[in-house]
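Below is one structure, written out as structure tokens, with a few remarks after it.
The values are calculated or read from the model by the stated rules, or taken from the named source; none is laboratory data. None of these values were measured; they are calculated from a predicted model. Positions of Cβ are backbone-derived with ideal geometry, glycine not excepted, and every protein chain shown enters the neighbour counts.
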Amino acid sequence: MEHISVQVIGKGSPLILIPGLSSPRAVWDGVAPELARNHMVYLVQVNGFGGEDPRANLAPGVIDGVVADLHKLIGERKLAKPAVIGHSMGGLATLMLARTHPGDVGKAMIVDALPFVGTAFFPGATVESVKPQAEAMRAQMAGLY
């Protein structure tokens with residue numbers, strides 16, 4: 001997939017874990033083995049996070065691409081209404097997946113996510129006002145590869 005990679009552990013009902021901004025799938029290492037006792041756990045890593053090749057994630061629209069890849073994963077693996085847990089940016093991706101593809105998500109848990117993080121730093125922020133910071137962050141990430 002162009003925006004994510006996935007590792008699978010365990011067996012049972014499907015559970016997808018999505019980490020936050022710049023975090024590798026390893027952030028779930030403390031809970032994934034226990035969850036894998038009763039669930040087939042899909043550990044997502046966003047390409048470009050955790051040292052992986054960013055692939056298509058150097059272009060704008062990363063979260064939209066992540067959501068598209070999650071939808072593809074659920075369809076290709078024929079996952080029946082998986083539970084999806086997302087932290088921070090992963091939580092936003094979970095919300096977007098549930099909204100754009102409501103049949104894909106059985107249950108959702110969102111941990112520390114903001115639909116628009118700009119307002120956390122700049123009250124009254126707009127997409128246009130935080131665009132320079134977003135472009136600088138993308139350029140910084142691209143410079144790592």
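Remarks
- Complete set of residues in the range 82-101 that are surrounded by fewer than 20 Cβ atoms within 10 Å (Cβ to Cβ) and touching a residue at least 60 places away in the same chain (Cβ under 8 Å): Ala83
Results for (1) assigned by TED's automatic domain parsing to the domain that holds Val27; (2) more than 17 Å from Leu17 (Cα to Cα), shown as yes or no for each residue.
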site: Ala80; (1), (2): yes, no
site: Ala83; (1), (2): yes, no
site: Met89; (1), (2): yes, no
site: Leu95; (1), (2): yes, no
site: Gly103; (1), (2): yes, yes
site: Ala120; (1), (2): no, yes
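- So Ala36, is it buried (at least 17 other Cβ atoms within 10 Å of the Cβ), closer than 26 Å to Ala134 by Cα and either free of Cβ contacts under 8 Å to residues at least 40 places away in the same chain or in contact with a Ser or Thr (Cβ under 8 Å, 6 or more places away or on another chain) (or both): no
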